[in-house]
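Let me begin by presenting the structure, written as structure tokens, before commenting on it.
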Amino acid sequence: MSPAHGWASIPKEGRVFQATTRSPRIRAAAMLGGTALLALQLMTAAPAAAKPKDAGKPPQQRYAAPAIAQPRHGDAAELPRPLTTADKRPTRQAGGPSVDAIGGTPASIGEYLYFASIWRQGQPICGGSLLSNFMVLTAANCVDDGYPVSAFQVRLGGTQLGGADPGVPRAISQFLVHPGYVRPTSPVPAPYDAAILILSSPITRADVTVQWLRLAQGNELGLVDAGDPATVLGHGSPSGPANPLMETVVPIQPDSPPGLHPNFVPSLMIAAGGTAAGGQGACRIDDGGPLVITSTPQDIQIGNVNWYPAPCGQPNIRDIYGELHQGSVAAWVHSVVGRPGNDQFSGAVTLSGNSGSVAGNTTNATLEANESGTDIETTVWYRWKPTESGTAQITVNQHAFDSEVRVYTGSTVSTLTLVASNNDANGSLQSEVEFPVVAGKVYQIQVDGFQFDYGPFRLSYAVNRPANDDFAGATAITDTCACPVVASTANATGQAGESTVASGDGDATLWYSWTASAAGVARFSTAGSDFDTTLAAYTGTSLTGLTPVAVNDQFNGTNQSQITFVVPEPGTYRIRVGGYNGERGSLRLQYALEPEPNDLFVQPQVLAGTSGVMTGANQRGLAEPGEPAFLPNPTSTIWYRWTAPSSGRYRFTTEGSTFDTELAALTGASITGLTLLALNDDDIGSQSRIEFQATSGTTYWIWVDGFGCDKGAVQLNWRQV
């Protein structure tokens, strides 16, 4: 072992060393009250004779935007920016290992992006391997030497200790030393000589020269037998520290003499190198460096440097490596370095039903034995068995990395047949596939990151989707709706490159193309929908070229949404409805150009006096999120506010209106905190009448709606009785 390590004995206790108290492994993973309905009568009667449109309608007031609820706390910072194809990583070109085992050869730039050079107080002392986006595996003797954590640094993915390719630097915040390791008093092979270093900050997409490695799973593909070639990586050499990273092919040796150090433990160690020719293997500053097998689709680590003779590379004396492809040390490493639960084909997440969505993550994902294909590196698996035949779509979106998706049939990872694949859909680095499915057939879904890109994502799937599920199939709507648009998002999916409003709301979206015939103010509402909606309006003609005009997640403190925006001139807007965190359900969408001046609870028409008549209209009135649902859903409501001038009993009617009205009186300070006093549908033919006891100085809210979708001119009458 390197004398640079020092051999001062330290207490066995305190195996965890950390620079801070917080480990980077910790990740941030109205209905109305039950008041009785008063004066409620449901009668069948012919509607009153229609009057000219907007008869008696007061002049339109200038629009003043109400306060709109912002997206849920934290969502704005968490939502990823969809990357465009301009953010595409270039394809890496890397050579294979040298076949000249005598001393090895310098590694090519980009060849071993998982190699870690361990530094202490500005000097290189050991090697290591990156096993996750924030964990480096090395030898325990490299760090269990009394120096504080702050003295250490790692450089990741480089091929030179200095110069043009030094690697990505990271500080260390914590050491995790194998609990069975006891530091020897002299340089001899030591059992359990393994430690995991926690990076002060994880690698990111910007660290393009870095990727992680995985441990082999037993004698993977029969490549870990005596006589098989393995590659040891390090900067050491018989003549001293070398500037370039060296790759040296060494044969795996039997766990029996001759040429073995007497401290060799077969169940914990691997012997390699030590050929009759000599001059090859680890040296000087290579402790903890990886011993890898490179003849699989992705390099796999089978050991780390534990001991080598002095001088290095002696003939017939084998180097000793900690055993990492099996055994207790490998089990400890796996217990610390987490992989996604569906990293392996056998652990695929089952997708239920004919539609749905899940959150996924390729961070720290790896390949497995027999998993093959072109440029696959960080894969996770899903399994889907639809019960309907038809055309299906699977989308991987809402992420800020370069994803790929593939769909297969087959029951084992080595016998799969490709059905569909995609990389970069709709001008973005997100992915989606559309393909025919057969009811009862099992489909295997693989999500990967191009060129080792990785991160969290959302996956949505559905068969027999709505016609307006995609941006290109948006349903055309114009000006003001006669009745709410009723639709279902149950079989909707998201799209690659689709912008998001709130967490997970790109899983099941519907699109509308709304054309305003004139300038004015536009309003859209999802009041009455039975799921947690999001709502957005955009300008633009392509999915990845949209400009948001108005977005909303929660309105009036409810799970429904409403947006209001100015239309400066006639034109077309794209309206998108989503479901927070992938929720799906029955949608009610209402919209209007130039909504009624008293459409909103916060902008009521003011009534005054003990009696009076007020005319208006509900032609462009909309239900508002949080608005009481009486019979059963409001559709075209308008609001009045009246403060009683004196105590007494008062009567309000809609007699003289031109449509089938509903009428209510309420008290309260907010739309979601109202108490119902009186409600009526048909009392005067198809018009309404209510009476209630009022208290002087108390403010009352008068609510007018049209039964079903009825609309017209409103005449509101009131007097004391």
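For this structure, a couple of remarks:
- Projecting the Cα atoms of 381, 367, 421 onto the dipole axis of the stretch 345-463, where Lys and Arg carry +1 and Asp and Glu carry -1 at the beta carbon, places 381 farthest toward the positive end.
- Net dipole in debye of the stretch 345-463 [+1 Lys, Arg Cβ; -1 Asp, Glu Cβ; about Cα centre; nearest 20]: 500 debye
- Charged-residue dipole, Cβ positions (Lys, Arg, Asp, Glu), the chain about Cα centre, Debye nearest 20: 1320 debye
- 17 Å reach of a label modelled at residue 352, 7 Å along Cα-to-Cβ, counting backbone N of the stretch 568-596: 582-585
- Extension gain, residue 256 back to residue 475 (0.36 nm per residue minus Cα-Cα distance, nm): 71.4 nm
- Measuring r between the beta carbons of residue 123 and residue 418 and using R0 = 35 Å, the FRET efficiency lands at 0.10.
- Taken over the alpha carbons of the stretch 164-282 as equal point scatterers, the Debye sum produces base-10 log I(q)/I(0) values at 0.11, 0.16, 0.18, 0.21 Å⁻¹ of -0.54, -1.15, -1.37, -1.47.
- Shape category assigned to the stretch 605-720 from the gyration tensor of Cα positions, a/c cut at 1.5: oblate
- Neighbour net charge for residue 567 - beta-carbon separation under 12 angstrom, K R +1, D E -1: -2
- Between the beta carbons of residue 335 and residue 276, assuming R0 = 30 Å, the FRET efficiency works out to 0.15 to the nearest 0.05.
- Sorted fewest first by neighbouring Cβ atoms within 10 angstrom, 293, 302, 575 come out as 293, 575, 302.
- The stretch 629-721: trypsin sites (Lys or Arg not before Pro) falling in loop per DSSP and having at most 12 other Cβ within 10 Å: none
- Ellipsoid equivalent to the chain - semi-axes via the Cα gyration tensor, in Å: 71, 26, 20
- If the chain linking residue 435 and residue 629 were pulled fully straight, counting 0.36 nm for each residue of separation and taking away their Cα-Cα distance, it would gain 65.7 nm.
- Maximal additional length on extending the residue 647-residue 147 stretch stands at 171.7 nm, based on 0.36 nm per residue less the C-alpha distance.
- Between residue 387 and residue 217, the modelled labels are 3.2 nm apart [label points 7 Å from Cα along Cα→Cβ].
- The stretch 345-463: antiparallel DSSP beta bridges as a percent of all, rounded to 5: 90 percent
- Unpaired by the 4.7 Å Cβ criterion, cysteines found in the chain: 481
- Here the stretch 605-720 is treated with +1 on each Lys and Arg Cβ and -1 on each Asp and Glu Cβ, and its dipole about the Cα centre works out to around 440 debye.
- Inter-probe distance in nm under a simple model that places probes 7 Å from Cα toward Cβ, at residue 359 and residue 409: 3.5 nm
- Each label point was placed 7 Å from the Cα along the Cα-to-Cβ direction; for residue 566 and residue 263 their separation is 7.8 nm.
- Taking the fewest neighbouring Cβ atoms within 10 Å as the starting point, the ordered list for 441, 88 is 441, 88.
- Among 654, 555, 315 - extreme Cα towards positive end, dipole of the chain, charges at beta-carbon: 654
- Per the Debye calculation on the stretch 345-463 with a single equal scatterer at every Cα and no solvent contribution, log₁₀ I(q)/I(0) for q = 0.17 Å⁻¹ amounts to -0.77.
- Rg(Cα)/(2.2 N^0.38 Å) for the stretch 375-527, N = residue count: 1.19
We did not get these values from a lab; they are worked out from the coordinates using the rules stated. Small disclaimer: the values here were computed from a predicted structure and weren't measured. For neighbour counting, all protein chains shown are included, and Cβ atoms are generated from backbone atoms with ideal geometry for every residue, glycine included.
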